[in-house]
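The values are calculated or read from the model by the stated rules, or taken from the named source; none is laboratory data. Keep in mind the model is a prediction, meaning the values are calculated, not measured. Note: ideal-geometry Cβ built from the backbone for every residue, glycine included; neighbour counts use all protein chains shown. Side chains included, ligands, DNA and RNA excluded: accessible areas come from the protein's heavy atoms. Shrake-Rupley method; radii C 1.70, N 1.55, O 1.52, S 1.80 Å.
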Amino acid sequence: MAEVFSKANESFVDENYEEAIKLYTEAIEQDDQPDYFIKRAQAYIKLEQYSEAINDAQKAIDKEPRNSKAYLRKGIAYFYLEKYVKAKESFLEGQNLDPSDSSFKMWIRKCEAELDLEKVEETGSTTAGQPIVGIANGSVETGTSGDVSSSTPEPHSSSPTPPQPQPVSPPKIRHDWYQTEAQVVISIMIKNAKKDNVKVEYTDNTVTANVTLPSGNDYTLHLNLAHPIIAEKSITRVFATKIELKLKKADGLRWTSLEGEAGVKLKQMTKEAVEASSVTKKYPSSSHHSTDWDKLARDVEEEEKNEKPEGDAALNKLFQQIYRDGNDEVRKAMNKSFMESGGTVLSTNWNEVGEKKVGVKPPDGMEWKKYDK
C-alpha cells in the first residue's frame, strides 16, 4: 500500500498525472485514507477534471472534517469552474482550520477580485457609479448629466427642432488573458453566446474567433500571438458569461505580452531570464480592471516570512523542508515509515525501513488502538 502511494507521488512529481491517478486509485482500493483522496484530487486538478477533484476532496472531508488540505483542493477546483462563491467558502473553512497556511489568503483574494469584476459587469457601472458608455483599448468613458448639458447647443429660434436620429454604435467587447506554465487563457466577454455560433481557428502563431452575437451582429477577434502555440491541443469553451480560449504553449516561456507584431520574430527569453528581470510582471488585459497577481503573491510571501510558526506548525515546517530537500530515498523512507506506523514514526533512513514493515510506536503514556468502523 505504502509502496503504491510512494510510486503515485513519484509519478505526480514527474507530471505523469494519468499514471498518478491510476496508482492513487489502487492505493485507495487497499486503504481509503483521506490523504489518498486529497492527492488524487490534486492530480485531477492538474488534468482540469475539476468535478472529479471536488468529489475526492469532499470524500476526504467526510472522513476527516478538520483536514484543511481537503478544503484547499475543493476551493481550487471550484475556482477553476468559476464558482467563486463556493470556492471562497471552501477557502474560508480551510483557513479557519489552519490559519498558518498562507495559500488560503491568496486564493481568497483571487476569489474576491473575480467577484468584484463580476459585480461591475452585471451592474454596468464603474466604481464611481457612473454608467459605462464605451470600452476601448482598456479606457472607459463615463457619461454625466453635466457633460450632456454643456454639449447641447442653444436654439437660434423659438421654433422646436425635431430630434435627429443618432447612429447606433456597435457594442464594445473586451477580452482578458492570463497564463499558467503550460497554457495561455483568453476570455472574450460575450454573454449568452450559442456554441454553434462560435468558430475559432488556431494556427501556430495566430488565433481568429468569429462569433455571431445574440443581437445578430458579427464579432471577430484576430490575434497575432507573441509566441507559438500547439494548435491541435488548443481548445474553446463557451460559458453563459464568456467564451474561453485555452492555448497550449509550444514552450514553457512566460509571455510578457499576448500579441507580437506580424512578421517580426520576437526574442525568446528563458524562464530564468524572465524571473530575473526587474520588470514587474502582470497579466495584461484590455479591461480597465487589472490585478497584479505577482504583487499579490509577493505580499502573501512577505506576510508568511513575518509569521514565526510555533509548536506543531514549526515542526511540520521542518518536516516539509526535509522532504523537499531530500533525495528519492529520503522521501520514500518518510512516506513508508509514516504510512505503515499510522503517523507515529517518521524516518529518513531507507536502509533501515526499506526491508521491513515499520511498526506502530505511540508516544509515551499513550496506547495504540485500531479504529473500529
Please compute the length gained on full extension between Val185 and Val13, using 0.36 nm multiplied by the number of residues separating them and subtracting their Cα-Cα distance. 59.5 nm
Compute the length gained on full extension between Thr203 and Arg237: take 0.36 nm times their separation in residues and subtract their Cα-Cα distance, giving the result in nm to one decimal. 10.5 nm
Packing-based order for 32-44, 220-232, 49-61, 4-16, using average beta carbon neighbours within 10 Å, highest first: 32-44, 49-61, 4-16, 220-232
Given the Cα-Cα distance of Asp32 and Lys356 and 0.36 nm per residue of separation, how much length would full extension add, in nm? 114.4 nm
Treating only the Cβ of Lys, Arg, Asp and Glu as charged (+1, +1, -1, -1), what charge dipole size does region 44-126 show about its Cα centre? Round to the nearest 20 debye. 320
For region 11-63, what are the per-bin percents of Cα-Cα distances with bins 10 Å wide, up to the bin holding the maximum? 30, 58, 12
Of the listed peptides 250-257, 351-358, what is their order by residue-averaged count of other C-beta atoms within 10 Å, with the highest listed first? 250-257, 351-358
May I have the convex hull volume per residue, in Å³, for the Cα set of region 201-245? 71
In whole Hz, the Karplus estimates of ³J(HN,Hα) for region 242-255 (6.51, -1.76, 1.60; θ = phi - 60°; x where Gly or Pro) are 6, 10, 10, 10, 10, 9, 7, 5, 7, 9, x, 6, 8, 7
Probe 1.4 Å, all protein chains present, accessible-area order of Lys332, Lys46, largest first: Lys46, Lys332
